[in-house]
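Here the structure comes first, spelled out in structure tokens, and everything after it is commentary.
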Amino acid sequence: MKYVCEMLQIDLPIIQGGMGNISNAQLTSAVSEAGGLGTIGCGTMTPNEVEEILLQTKKMTKKNFAINIAINVSPYTEELIDLVIKHNVPVVSLSAGNPVPYIAKLHEHGVTVIALVASVKHAQKAQAAGADILVAEGFEAAGINSTLELTTFTLIPQIVKNVKVPVIAAGGIGDGKGLAAALMLGASGIQIGTRLIATKEAPFHETYKQSLVNAIDTETIIVGRSVGMIRRMLKTPYSMKLDQREKEGMTRAQYGEMTTEKQHVRGAIEGDMENGFINSGQIAGLIDHIPSVKELFDSMMQEASNQINLSKNELDILIEKRLKTNNLS
């Protein structure tokens with residue numbers, strides 16, 4: 001944990017997940033100012049659009065932040081790599097594709113590279129290519145997801161066991177207990193996305209935020225299995241319509257037309273739940289208020305510390321009891 005914080009030059013082991021075309025300077029800078037690593041997700045935005053957010057973020061914080069490039073989603077991957085180098089962005093996370101062709105170039109310019117992985121095989125390949133940190137994302141996560149469908153609780157310890165670089169846990173984490181659990185599984189920190197949507201600084205539509213606050217444990221839906229393009233969304237009129245269309249049969253192209261970043265913006269920014277969707281991880285059922293990012297991080301760190309100490313104390317008691325029983329026998 002300490003090593004990752006030193007490597008990324010952050011105070012807390014918390015990274016913001018990439019949010020594609022709804023990324024913004026306000027939330028990114030707030031995360032960095034609160035001690036985590038804010039992230040600008042490029043989605044399908046043009047380099048000029050990303051550059052504008054990047055420059056705004058630099059005005060709002062002097063602390064480190066990252067750029068997330070979804071390799072197979074963005075049509076501008078090479079140009080975005082050049083943009084990172086042009087503006088001396090210290091950290092890049094690479095997701096939704098093979099990071100190997102880009103790591104060496106980023107390292108040549110002193111950029112720390114985070115690779116998003118969803119299996120041991122992917123993790124080992126990314127490590128061999130020189131990735132500095134791995135984000136292992138479980139199937140509980142929001143948005144575009146792995147077709148492998150491995151859960152965070154099973155994925156993290158297996159990857160930690162098979163690599164030597166630090167591993168960050170993602171998927172289904174949004175409070176201090178989740179942070180504590182990730183650390184106990186061997187992770188060096190966490191990446192969160194859905195929980196950050198419902199914060200004061202996040203400039204998303206109030207309908208989106210309140211939908212997360214009101215959500216119960218079964219409020220998300222998986223779409224795209226039939227076409228091999230899995231995404232986890234919150235249940236809304238639009239996502240349910242998409243689900244029904246998929247059940248009736250649709251091509252990969254038709255599915256793609258209904259899950260563009262345009263529809264994402266309609267839901268998340270404009271609050272149009274009839275014609276746009278909103279991503280959500282399964283953590284939504286635990287969200288019950290809208291704090292500032294700093295308030296969220298402070299409470300998460302305190303809760304994690306309390307939980308770890310409590311668990312340690314209880315475990316010590318059980319071990320002591322077991323030892324006494326064994327000695328008596």
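Throughout, read-outs are computed from the coordinates displayed, never taken from laboratory work. This one's a predicted model, so the numbers in the text were calculated from it and none came from an experiment. When we count neighbours, we look across all protein chains shown, and the Cβ atoms used for this are built from the backbone with ideal geometry, even at glycine.
Amide H contacts under 5 Å for Ile15: Leu37, Ile190, Gln191, Ile192, restricted to partners 5 or more places along the chain or on a different chain, H placed in the peptide plane at 1.01 Å from N. Charge tally around Ser305: other residues with Cβ under 14 Å, Lys/Arg +1 each, Asp/Glu -1 each, net -1. Other residues lying with their Cβ under 12 Å from the Cβ of Val50 contribute a combined charge of -4, Lys and Arg counting +1, Asp and Glu -1.
If one computes the Cα centroid of the stretch 1-60 and of the stretch 165-231, what distance in Å separates the two points? First find each Cα centre; the distance between them is then 16 Å.
Between Ser305 and Tyr3, the FRET efficiency from the beta-carbon distance, with R0 = 22 Å, is close to 0.70. Each of [x] 17.8; [y] 15.2; [z] 16.5 is a candidate for mean projected area of the Cα convex hull in nm²; the one calculated from this structure is [x].
For the chain, excluding the exposed loop sites themselves (trypsin sites (Lys or Arg not before Pro), DSSP loop, at most 12 other Cβ atoms within 10 Å), the longest remaining stretch covers 165-329. Here's the list of lysines a cross-link from Lys125 could span, going by alpha-carbon distance under 30 Å and ignoring same-chain residues fewer than 8 apart: Lys2, Lys86, Lys105, Lys161, Lys164.
Can you sort Ser211, Ser311, Ser93 by how many other beta carbons sit within 10 Å, fewest first? Please report the intermediate quantities before stating the final value.
Numbers: Ser211 23, Ser311 14, Ser93 27.
Final ranking by Cβ density, sparse to dense: Ser311, Ser211, Ser93.
Please return the longest range in the chain lying between exposed loop sites, taking GluC sites (Glu not before Pro), DSSP loop only, at most 14 other beta-carbon atoms within 10 Å, and leaving the sites out. For GluC sites (Glu not before Pro) (loop position, at most 14 other Cβ atoms within 10 Å), the longest site-free span of the chain is 1-148.
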